[in-house]
Every structure is written in structure tokens, then in C-alpha cells.
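J.: Structure in C-alpha cells, see below.
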Amino acid sequence: MSGLATIVVALVAIGIVAWVGRFAMQKISGNAPKFRDMPFAVAFGYVLAAVLVALGVWYFFQPKANEQGIQNAGVIFFRWAVQGVLIGMVAAWIFRFLGRMVGTSGSRKLFRQMPLTASFGILVIVVYAVLAIFAGLIAPHGQETVFAQANVVPGGNPALGGNPDFPLGTDQIGRDILSRLIYGAQNTVGIAFATTLIAFFIGGTLGFLAATLQGWLDQVLSRAVDVLMAIPSLIFSLLLITVASAWVSGFGLTIAMVLIIAVIDSTRVFRLARAVGMNIVVMDYIEAAKLRGEGLGYLIFKEILPNATAPLLAEFGLRFCFVFLTISALSFLGVGIQPPLADWGTMVRDLSAFINYASFAPLAASVPLLAAGAIALLTVAVNFVVDWMLYRSSGLKE
Amino acid sequence: MSDTGELLVEMRGIHMEGRSDETWNPIIKGVDLTLNKGEVLGLIGESGAGKSTLGLAAMGFTRDGVRISQGSVMFDGIDLLAASADQKRALLGKRIAYVAQSAAASFNPAHKLIDQHSEAPVQHGVMSRTESEQDGMELYRKLRLPNPEQIGFRYPHQVSGGQLQRAMTAMAMSCRPDLIIFDEPTTALDVTTQIEVLASIRDIVEQFGTAAIYITHDLAVVAQMADRIKVLLKGDEVEEAETREMLSNPQQDYTKSLWAVREFQRPQKPAVLTDATPVISVQGVTAAYGKVDVLHDVSFDIHEGRTVAVVGESGSGKSTTARCITGLLPPRLGQIELDGQVLPLDYRKRNKDQLRQVQMIYQMADTALNPRTRIGDIIGRPVQFYGGLTGKDKRKRVEELLDQIELPAAQYFDRLPSELSGGQKQRIGIARALAAEPKFIICDEVTSALDQLVAEGILRLLARLQDDLKLSYMFITHDLATVRSIADEVVVMKDGVVVEQGPKTDMFKPPHHAYTDLLLSSVPEMDPDWLTNLLTERGVDNIGDAAVDKMT
């Protein structure tokens with residue numbers, strides 16, 4: 001039976017089970033509203049989900065290696081993924097539970113209303129922040145220290161080629177990967193955070209100015225932003241950094257990169273700030289303030305800004321992710337954060353060759369995935385938190 | 001109106017709860033409601049009384065975050081609370097229909113009226129598409145919409161508010177339901193438009209023998225429409241009686257107080273000395289938005305301690321005149337004088353003292369107060385800005401002002417606007433205007449978003465402040481009852497032109513300008529026969545917008 005036919009038969013079978021199951025539940029529960037008013041699509045969804053979960057469980061308990069001793073990489077990676085998700089969920093649940101127990105009444109209430117995804121996101125961000133701030137104290141080795149043993153496999157099990165001194169192994173020239181990951185949090189996240197702040201300062205100020213003053217200033221700024229946005233941002237920043245590298249190098253180049261990415265990203269912030277500001281300047285309280293004779297600074301910082309914080313904060317989270325990914329991408333291409341500073345993007349690039357071992361040596365192949373995972377985890381966490389904040393500010397909650 | 005005595009809706013012991021702040025709070029506390037076939041029941045009460053919630057519950061429907069915790073709803077022998085989704089789907093839209101307050105927000109702007117009209121009959125299998133379209137045109141004719149054959153092929157934004165409201169009534173009628181719920185269908189309309197909609201709704205409900213629940217806060221409107229009236233207060237039923245009985249002989253104190261609202265009236269002040277300098281003098285103002293003139297040669301004076309009411313329907317240029325006076329819209333021709341001194345036309349060219357003298361109170365207190373600023377800062381800002389007071393002096397002055405608007409300072413100083421009721425917000429708006437210590441205040445429809453009892457409180461407050469502080473008001477309104485209670489002089493505007501002006505007593509006595517006469521005659525009265533009499537007296541073509549169209 002071909003693959004396509006199998007899928008069709010499976011779907012039909014699921015459909016039949018769904019219909020019969022719903023009918024049975026209606027009879028058993030005595031027509032409870034939940035089953036009586038359940039559309040067929042929902043019943044189908046429940047059965048499909050159950051089948052997928054069952055498949056997952058079955059695959060999870062497949063043997064790690066076959067009789068010849070060859071490792072079954074798919075199963076191993078799947079187990080890691082499932083274990084990671086489960087650990088994350090439990091940690092998030094505990095974190096939320098603690099948040100509900102301690103703190104002020106306001107923060108306790110916040111945690112009570114929080115979905116698990118948001119508490120997971122906050123937990124991850126807090127952990128990253130602690131790692132980034134105290135990197136020098138937490139990291140077991142320096143980020144630039146080179147050891148004799150290169151290419152140590154992660155896991156710390158000498159039988160498999162690991163070393164307990166380097167729990168996550170060492171890279172191709174013998175630097176401790178765990179330490180570099182921790183320092184990478186400081187460099188990558190810190191630089192991304194600073195870049196986003198600058199982008200918001202530039203974009204937000206100009207956007208609100210354009211919304212308040214309108215007229216020719218708005219036209220000039222908006223058209224200029226349109227021009228900047230018309231150029232693909234990654235290529236544009238590559239080009240500008242290459243140009244900048246003619247004058248500066250090393251740490252100076254990092255600063256140049258921060259400024260370039262901040263300006264390019266501030267165009268997106270400008271768009272949002274202007275749109276949000278436009279909706280606020282038409283309110284009567286702005287008119288009242290204008291008629292009172294208030295100056296521009298008061299209008300922008302006291303009247304408009306407090307009412308624009310919710311969408312701007314949400315955008316801040318998203319923008320942070322984009323900036324962070326841009327920096328990682330630039331580092332991956334070799335023009336971002338310069339060695340010997342540890343950086344996740346550079347780490348992925350340097351270790352990427354190991355991914356070729358994935359089918360027979362999962363442990364060795366996981367080396368580039370560590371840095372990539374660190375990037376992915378933070379991006380997902382920030383997005384969870386941003387989603388939750390958007391939900392709170394949109395008024396859907398009532 | 002054609003009561004058959006047959007029971008249609010029976011609600012018993014309805015308790016409803018709404019979720020906010022993690023707890024369920026009661027909204028309706030045990031209300032019974034019965035409605036016979038062909039009967040019209042009026043539900044009245046102030047905002048927050050639970051009238052809309054109860055009206056929706058009669059359809060077995062609750063908004064998100066609201067639940068029916070106790071009680072039963074029977075519709076023609078069907079228990080709506082126990083009915084399955086399929087059963088309800090077959091009823092709603094077909095046998096029960098709903099007309100919302102804002103037709104403009106309820107129509108889908110992407111589809112033509114007739115397509116939206118025929119959707120329900122086609123979905124419910126009552127009529128085919130062509131039959132339903134034919135029937136729609138017939139209904140449009142019965143509701144006296146202009147061009148009944150063509151109007152259905154327009155999009156919602158291409159017809160006026162009153163016409164849209166009638167098209168929505170036609171849509172509710174499309175399946176010939178047994179019950180229609182009207183949720184404040186005329187509240188957002190001008191008086192002259194409202195009267196047409198009222199007449200056509202009443203007419204069509206009567207023709208098809210439809211039962212209706214008519215939700216409103218306007219007693220005079222409900223008196224025209226309902227056979228019986230039920231009064232709600234904070235989720236409790238106050239009383240219920242036949243319309244005539246209720247109007248002539250209300251039993252409860254609350255009902256009596258509702259009836260008495262319209263009795264507030266200030267004595268006419270003596271005529272102004274002819275040589276007195278007016279506080280504000282609008283002289284020959286012509287103003288335009290873009291290239292289109294919207295005001296034509298508008299002139300009037302406002303004297304110290306007087307209230308000039310500017311009346312007219314929406315689009316007549318009342319608010320534009322206010323914008324000219326404040327300098328937001330510099331007029332093309334003419335000038336504005338303050339105490340005999342010509343004011344710069346643009347507010348940006350006025351000095352601080354000139355800005356201080358002219359203050360404004362807005363219609364929507366929700367948008368007029370910055371939602372992120374505390375009450376103390378909202379009022380404190382003009383105190384500091386104009387008076388230069390800071391620290392303790394500022395706080396003391398703000399407390400004085402809160403005192404003047406009858407809100408205890410200690411309790412309200414640190415609150416956010418969202419923690420206040422509508423009437424309290426409007427009072428804060430007044431305090432902010434007073435904080436500048438002005439001579440002249442523009443009140444732009446300040447009471448039209450408020451319940452009648454609350455509105456009366458605001459009017460009394462404004463009157464007292466005027467007497468205490470010798471303030472002058474320009475009072476923009478479309479509500480003639482408000483004019484009657486607070487104005488000294490009246491200016492009637494239509495299409496950007498002043499059609500009539502003079503002292504209040506003259507205005508309410510004939511002879512009038514034809515337009516003033518129409519405005520006055522369109523204000524619903526508490527007499528349940530008022531609409532019937534008016535229709536027999538004038539004929540259906542001489543009321544409302546139809547009559548306005550004839551005038552031009």
C-alpha cells in the first residue's frame with residue numbers, strides 16, 4: 001500500500017471512529033450539551049489528536065539502537081525533544097505556582113491569570129537575563145580559553161568520548177562550549193537588547209513627532225522610511241557593515257553594526273509609532289491639551305506615550321527577536337560580532353559541519369544544535385510573552 | 001399592539017452573572033418577564049441596569065463572560081436554555097430577530113444591503129433568493145425608504161444612519177419572526193430622523209402582529225412604542241404596568257424620579273443691556289473644511305453669566321462653530337471677539353491668557369480624559385500650567401475644585417478615569433475646564449451620552465457654577481429638553497446657517513421658522529398618543545427628514 005493510500009485510509013478510519021464515538025458519548029452522557037452540540041469537525045480533531053499522541057508514545061519507546069548496535073538517531077532526537085518540552089512545561093508550571101504564592105497581591109493576580117506559555121516565556125527570559133548579567137561568575141571557563149582537548153563530545157561520559165570537565169563538550173579548537181554559550185548570552189542578547197533600545201528611541205520619537213505635527217515633516221519622514229524599507233534589510237545591513245569596515249575594525253565594527261541595525265529596524269518602529277500615535281492624537285484629551293497651549297514635549301511624553309505603551313511593548317518583544325536573529329545571521333555570515341567574543345551565530349557557523357554526523361552519531365551532531373537551540377528558545381519565549389501581552393492589551397480578556 | 005393573549009416568551013426568576021476580576025458578579029437578580037404574541041414590551045432603565053443583557057437572554061443568548069445562573073426562558077413552548085445548538089440555530093434569525101443600536105456597526109460594510117437582507121431567509125429555507133429580494137423591496141417600501149427598488153443594491157456606507165436603521169428593521173422582518181428585540185434602535189439618531197424610524201417601526205410591527213421587546217432609556221420614546229413598560233434598576237425589577245397606567249400613576253419612587261427629570265427649568269434672566277460688551281462675539285464667520293464651506297456668515301453674541309444654546313441636527317455646523325471659536329479651525333471670513341478684543345483666528349497664535357479664557361467640555365468624557373492620568377493630575381495640570389501653583393498649593397486648589405463638582409477629594413484624587421462612572425467623568429471634565437478659571441465655557445453635547453437622572457445632575461451643577469462664578473456657556477445640543485432647562489438664549493442652526501435666534505421664551509412660542517417648528521414637533525413627549533396625533537395631524541410625509549428635504 002502506498003503512503004498516500006495509507007493516509008487516506010487512516011483519515012477515513014479516524015472519521016468513522018469520530019462519528020461513532022460522538023454518537024456513543026451522546027447516548028452515554030444522556031445528551032449533555034458538550035457532546036450534543038459538538039460539530040463533527042471537533043470530534044474528528046479529538047480523535048486525530050488522540051491518534052497522534054498514541055503514535056508519539058509508541059515512537060518514544062522504540063529502542064535507541066538496533067541489534068547491530070547502530071544508533072537510531074530519529075528516536076534519540078525525538079526523545080530529547082519530548083523530554084525538553086516536558087521539562088519546560090513542568091518548570092513553567094512550578095514557576096507559575098511559585099509566582100501565585102509569593103509576591104504582592106498585584107503580581108499574584110498576574111500569575112493567576114497567566115497561561116502556561118507566558119510563564120514559560122518569562123521563566124526563560126529571566127534565566128537568560130541572569131546568565132547574561134552574571135556570565136563571568138557562572139561560566140566554568142573563560143570564553144577565549146583554549147584547552148588541549150578539541151572536539152570533546154557533549155554529555156560528559158568518557159565512555160562515549162566526553163569529559164566531565166566539559167559537560168557540553170569543546171569546539172574544534174578546544175574551547176568549552178558551555179562557557180561560550182553563557183558568554184554568548186551576554187554578547188548576543190546584550191547587543192540585541194541595546195540595538196532594539198536604540199531602534200525604539202529613534203523610531204518612536206520620530207513616529208510620534210510625525211503623528212503630532214503631520215504636514216510636511218510627516219511626509220518627509222514617511223517617504224524616507226519607505227525608501228529605507230524598500231531595500232531588503234539583511235542585504236542592506238551587510239552592505240553598510242562592509243562599507244563601515246573600511247574605517248573601523250574589532251570593537252568599533254560591533255558598534256557600527258549596532259547603529260546600522262538600529263537605524264534599519266527603527267523604520268519598522270516608526271511605522272508602528274506613527275500609526276498608534278495617529279489614533280491617539282485625534283482623541284479629545286489631546287485637543288484639550290493643545291488648546292491649553294501645551295508644548296510638543298508634554299504632548300508626546302505625557303499624553304501620547306503613556307497610551308501607546310501596550311502596542312509598543314509588544315512590538316519591542318518582536319523587534320528584539322528580529323534584531324537578535326539578524327545579529328546571529330550576520331555573525332553566521334562572518335560580519336557580525338567579531339571573534340574571539342563568543343556569539344551564538346558564530347558558534348552555529350563554526351560547528352555546522354557536525355550536523356553531517358546526525359544519522360549515526362547523534363551526540364556529536366548535537367553540538368551546533370546547542371547554540372541554535374539557545375537562539376530558538378529565546379525567540380519562542382519572547383513570542384509567548386508578547387502574545388500574552390497583546391492578548392491582555394487587546395481587551396479580548398473581558 | 002395586536003395582543004392576542006397567547007403566551008410567547010416566559011422568563012422565570014432569571015439570575016444572570018458577569019465575570020470580571022476573577023469573580024462572577026450578579027447583573028440580573030431574579031427578574032420575571034412575560035410577553036404575549038403581538039405585544040410590545042418596553043424595557044427601560046439607566047445604563048448598567050441590565051436591560052440589554054435581559055433582552056438578549058430572551059433569545060437564550062448571552063454575551064461572552066455572561067451566564068444565566070438560574071431561571072428558565074421558554075419561547076413558544078421551547079426551553080431555550082436547554083435547547084441544542086441546532087434547535088437554537090433554527091429559531092434565531094427565523095423566529096427571533098434582533099435590531100442593534102448601531103446599524104452602521106452591525107451591517108457588514110463589504111456586502112450590499114439586499115444581499116445581507118436575503119441571507120437569513122435563504123439560510124433558513126424560508127424563501128428563495130429572488131423571492132426574498134422581492135420581499136425586501138416590499139418591506140423597504142413599507143418602511144418608507146426612498147427608492148425601495150434600488151436602495152437595497154447600495155452598500156451600507158452609501159445610505160444615511162436613519163435609513164440604515166430602517167433597513168436593519170426590514171432585515172429583522174425578513175423571515176417574519178414572532179419576536180424582535182429592539183436594542184435602543186433610535187438612540188444614536190437625530191430627533192428629526194428618530195421620529196421617522198419610530199413611526200415606521202411601529203407601523204410594521206403592527207402590520208405583521210410581531211411581538212417585540214423595546215429596550216431604551218428614553219421614556220418618551222417607549223411611551224409611543226410599548227403596550228407595557230417594565231422598569232429595571234441595577235438588575236432588579238422596579239415595577240411593571242400598562243403604558244398609560246405607568247405614565248399617569250407610577251408607584252415607585254425611582255419611577256417617579258425618572259418621570260420628574262424633565263421638570264428642571266431655570267428662570268428666564270432679565271434682558272441684557274444693549275450697550276454691554278459680550279464675552280464672546282462671533283461675527284460673520286464663514287469657515288470651510290478644505291474647499292467646501294460648512295459655515296455661512298454665522299453671527300451671535302454670548303453675554304456674561306448667560307447660556308446660549310446652539311441647536312440643530314448633526315451636520316448643521318454646531319460643533320464647527322465651536323471649533324472656530326476655540327481656534328482649531330480658523331474661519332475663512334469673519335472674526336471672534338473676546339471682551340471686545342479680537343482673538344487671533346488660530347489657537348497657536350493666541351497667548352496663554354486668551355487660551356485660558358475659553359475652555360471646553362466634551363461630549364464623550366471617555367475620550368476627553370487621558371485614560372493613563374490620575375484625576376488629581378488631570379485637574380492639576382491646568383492649575384499648574386495657568387496658575388503656576390505647585391506642590392501643596394496645587395493640591396489644595398485641586399481639592400477645592402473637586403469640592404465644587406461635588407466629588408470627595410480624598411476618595412477620587414488618585415483614581416484613574418476608568419474607575420469612575422460616566423457622570424463622574426463628565427464632572428472631572430467640568431473641573432478641568434474650571435481649573436483654568438475661564439470666563440467662557442463651550443459645552444459640546446455634554447449630557448447626550450448620559451442617563452437622564454445623571455444628565456440632570458450635570459445640568460444643575462453647571463447652572464450653580466454659572467451663578468457662582470459668572471460663567472458664560474455656549475451649550476451645543478440637539479436635545480430640546482436640555483435647551484428648555486438651561487438656556488437663556490437659543491440659536492437654531494441648519495446646514496451651517498443660523499436660521500433663528502432669540503431668547504428662550506420666544507423660541508418655544510409660535511410663530512417659528514419652519515425648521516425650528518419641525519425640530520420642536522419632533523421631540524417625543526410623554527403622552528402615549530403623541531406620535532399617533534402627530535401623524536394624523538401632519539401625515540407621514542411631513543415628519544422627520546422627509547420634511548427637511550422638502551424645505552430645501
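The values are calculated or read from the model by the stated rules, or taken from the named source; none is laboratory data. Every value quoted in this text rests on a predicted model; they were computed, and no experiment measured them. Here the Cβ is made from the backbone with ideal geometry for all residues, glycine too, and neighbour counts use every protein chain on show.
J.: Of all residues in the range B:351-369, how many are at the interface with chain A (Cβ under 7 Å from one of its Cβ atoms) and in a helix (DSSP H, G or I)?
T.: 4
J.: Cβ-Cβ distance below 6 Å, separation of 6 or more or different chains: which pairs start in the range A:29-43 with a residue that is more than 10 Å from chain B (Cβ to nearest Cβ) and end on one that is in a helix (DSSP H, G or I) and polar (S, T, N, Q)?
T.: So the pair list comes out as A:Phe35/A:Gln26.
J.: B:Asp444 passes all but one of (1) touching a Pro at 6+ places or on another chain (Cβ under 7 Å); (2) under 18 Å from B:Phe300 (Cβ atoms); which number fails?
T.: All conditions pass for B:Asp444, except number (1).
J.: Looking at (1) modelled with pLDDT of 90 or more; (2) not in a helix (DSSP H, G or I), can you tell me which one B:Arg372 breaks?
T.: Unmet condition: (1).
J.: Only one of these conditions is not met by A:Phe111: (1) aromatic (Phe, Trp, Tyr); (2) modelled with pLDDT of 90 or more; (3) surrounded by 14 or more Cβ atoms within 10 Å (Cβ to Cβ). Which number is it?
T.: In the conditions (1) aromatic (Phe, Trp, Tyr); (2) modelled with pLDDT of 90 or more; (3) surrounded by 14 or more Cβ atoms within 10 Å (Cβ to Cβ), A:Phe111 misses (2) alone.
J.: Among the helices (runs of 4 or more DSSP H) contained in the range A:271-381, which hold 2 or more residues that are within 14 Å of another protein chain (Cβ to nearest Cβ) and under 22 Å from the mean Cα position of the chain (by Cα)?
T.: On the way: elements: A:284-292, A:305-333, A:344-351.
Helices (runs of 4 or more DSSP H) meeting the threshold: A:305-333.
J.: Ok, one more. Looking at B:Glu406, is it assigned to a loop (DSSP other than H, G, I, E, B), out of contact with any Pro (no Cβ under 8 Å at 6 or more places or on another chain) and closer than 20 Å to B:Asp451 by Cβ? Write out each step before concluding.
T.: Numbers: assigned to a loop (DSSP other than H, G, I, E, B): yes; out of contact with any Pro (no Cβ under 8 Å at 6 or more places or on another chain): yes; closer than 20 Å to B:Asp451 by Cβ: yes.
Yes, satisfied.
J.: For the range B:370-385, check the following and say yes or no: at least one residue is within 12 Å of chain A (Cβ to nearest Cβ), of a type in the set (A, V, I, L, M) and touching an Asp or Glu at 6+ places or on another chain (Cβ under 8 Å).
T.: No, there is no match, as no residue in the range B:370-385 is within 12 Å of chain A (Cβ to nearest Cβ), of a type in the set (A, V, I, L, M) and touching an Asp or Glu at 6+ places or on another chain (Cβ under 8 Å).
J.: Pick from B:Gly334, B:Gly315: which is farther than 26 Å from B:Asp467 by Cβ and either in a loop (DSSP other than H, G, I, E, B) or at the interface with another protein chain (Cβ under 9 Å from one of its Cβ atoms) (or both)?
T.: B:Gly315
J.: I've got another one for you. Output yes when any residue across the range A:126-141 is within 24 Å of A:Thr379 (Cα to Cα) and in contact with a Pro (Cβ under 9 Å, 6 or more places away or on another chain), and no when none is.
T.: no
J.: Please give the number of the condition B:Arg323 fails out of (1) crowded, with 21+ Cβ neighbours inside 10 Å; (2) outside any loop (DSSP other than H, G, I, E, B); (3) more than 12 Å from chain A (Cβ to nearest Cβ).
T.: Against the list (1) crowded, with 21+ Cβ neighbours inside 10 Å; (2) outside any loop (DSSP other than H, G, I, E, B); (3) more than 12 Å from chain A (Cβ to nearest Cβ), B:Arg323 comes up short only on (3).
J.: Go through the range B:211-276 and tell me which strands (runs of 3 or more DSSP E), entirely inside it, have 3 or more residues that are over 18 Å from B:Asp32 (Cα atoms) and in contact (Cβ under 8 Å) with a residue 40 or more places away in the chain.
T.: Fully inside the range B:211-276 and qualifying: nothing.
J.: Looking at the range B:440-536, what helices (runs of 4 or more DSSP H) fall wholly within it and have at least 2 residues that are farther than 25 Å from B:Arg323 by Cβ and among the basic types (Lys, Arg)?
T.: Where helices (runs of 4 or more DSSP H) fall fully within the range B:440-536 and carry at least 2 residues being farther than 25 Å from B:Arg323 by Cβ and among the basic types (Lys, Arg), they are B:452-469.
J.: Something else about it: Mind listing whichever residues of the range B:164-181 are closer than 21 Å to B:Leu113 by Cα and out of contact with any helix residue (DSSP H, G or I) (no Cβ under 7 Å at 6 or more places or on another chain)?
T.: Of everything in the range B:164-181, those that are closer than 21 Å to B:Leu113 by Cα and out of contact with any helix residue (DSSP H, G or I) (no Cβ under 7 Å at 6 or more places or on another chain) turn out to be B:Ala172, B:Pro177.
J.: How many residues does the range B:273-287 hold that are surrounded by fewer than 17 Cβ atoms within 10 Å (Cβ to Cβ) and either in contact with a helix residue (DSSP H, G or I) (Cβ under 7 Å, 6 or more places away or on another chain) or aliphatic (A, V, I, L, M) (or both)?
T.: 2
J.: Using the structure shown, decide if B:Val66 is closer than 30 Å to B:Ala455 by Cβ and within 14 Å of chain A (Cβ to nearest Cβ).
T.: Spelling it out, B:Val66 is indeed closer than 30 Å to B:Ala455 by Cβ and within 14 Å of chain A (Cβ to nearest Cβ).
J.: Inside the range A:65-78, can you point out the residues that are touching a Lys or Arg at 6+ places or on another chain (Cβ under 8 Å) and either assigned by TED's automatic domain parsing to the domain that holds A:Ile16 or without any contact (Cβ under 8 Å) to a residue 40 or more places away in the chain (or both)?
T.: A:Asn72, A:Val75
J.: I've got another one for you. Please verify whether B:Val197 is surrounded by 21 or more Cβ atoms within 10 Å (Cβ to Cβ), closer than 16 Å to B:Ser102 by Cα and hydrophobic (A, V, I, L, M, F, W, C), treating the condition exactly as stated.
T.: So B:Val197 fits the description; yes.
J.: Sticking with this structure for a sec: Which residues, counting only those in the range A:114-146, are in contact (Cβ under 8 Å) with a residue 12 or more places away in the chain and part of a loop (DSSP other than H, G, I, E, B)?
T.: If the condition is that a residue be in contact (Cβ under 8 Å) with a residue 12 or more places away in the chain and part of a loop (DSSP other than H, G, I, E, B), then A:Met114, A:Pro115, A:Ala139, A:Pro140, A:His141, A:Gly142, A:Gln143, A:Glu144, A:Thr145, A:Val146 are the ones that fit.
J.: Kindly check whether there is at least one residue in the range B:148-168 that is assigned to a loop (DSSP other than H, G, I, E, B) and without any contact (Cβ under 8 Å) to a residue 12 or more places away in the chain.
T.: Yes.
J.: Mind telling me which of the residues B:Ser84, B:Ser128 ends up being within 14 Å of another protein chain (Cβ to nearest Cβ) and among the small types (Gly, Ala, Ser)?
T.: B:Ser84
J.: Mind telling me which of the residues B:Leu469, B:Leu461 ends up being surrounded by fewer than 16 Cβ atoms within 10 Å (Cβ to Cβ) and either assigned by TED's automatic domain parsing to the domain that holds B:Gly161 or touching a residue at least 12 places away in the same chain (Cβ under 8 Å) (or both)?
T.: One residue alone meets the criteria, B:Leu469.
J.: I'd like to know if the range A:222-239 contains one or more residues that are more than 26 Å from the chain's Cα centre (by Cα), free of Cβ contacts under 8 Å to residues at least 60 places away in the same chain and either within 30 Å of B:Gly380 (Cβ to Cβ) or not in a helix (DSSP H, G or I) (or both).
T.: no
J.: Scan the range B:401-417 residue by residue and report those that are surrounded by fewer than 14 Cβ atoms within 10 Å (Cβ to Cβ) and either within 12 Å of chain A (Cβ to nearest Cβ) or of a type in the set (D, E, K, R) (or both).
T.: Those that are surrounded by fewer than 14 Cβ atoms within 10 Å (Cβ to Cβ) and either within 12 Å of chain A (Cβ to nearest Cβ) or of a type in the set (D, E, K, R) (or both): B:Asp403, B:Glu406, B:Asp414.
J.: Right, something else. Restricting attention to the range B:302-355, report how many residues are closer than 28 Å to B:Leu189 by Cα and charged (D, E, K, R). Let's see the steps before the verdict.
T.: Going through the range B:302-355, the residues closer than 28 Å to B:Leu189 by Cα turn out to be B:307-326, B:328-329.
Remaining after also requiring charged (D, E, K, R): B:313, B:318, B:323.
So the count comes out to 3.
J.: List, please: which pairs have Cβ atoms under 9 Å, are six or more places apart or on different chains, and start with a residue in the range B:314-330 that is outside the structural domain of B:Val294 (by TED's automatic domain parsing) and over 14 Å from B:Tyr362 (Cα atoms) and end with one that is of a type in the set (Ser, Thr, Tyr) and surrounded by 22 or more Cβ atoms within 10 Å (Cβ to Cβ)?
T.: The qualifying pairs do not exist here.
J.: Then there's this: Exactly one of these conditions fails for A:Ser393: (1) at pLDDT 80 or above; (2) assigned to a helix (DSSP H, G or I). Give me its number.
T.: Of the numbered conditions (1) at pLDDT 80 or above; (2) assigned to a helix (DSSP H, G or I), the odd one out for A:Ser393 is (1).
Let's see how each residue does on (1) surrounded by 15 or more Cβ atoms within 10 Å (Cβ to Cβ); (2) touching a residue at least 12 places away in the same chain (Cβ under 8 Å); (3) in the same structural domain as A:Ile255 (by TED's automatic domain parsing):
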| position | (1), (2), (3) |
| --- | --- |
| A:Ala148 | no, yes, no |
| A:Val152 | yes, yes, no |
| A:Pro167 | yes, yes, no |
| A:Gln186 | yes, yes, yes |
| A:Thr195 | yes, yes, yes |
| A:Ala199 | yes, yes, yes |
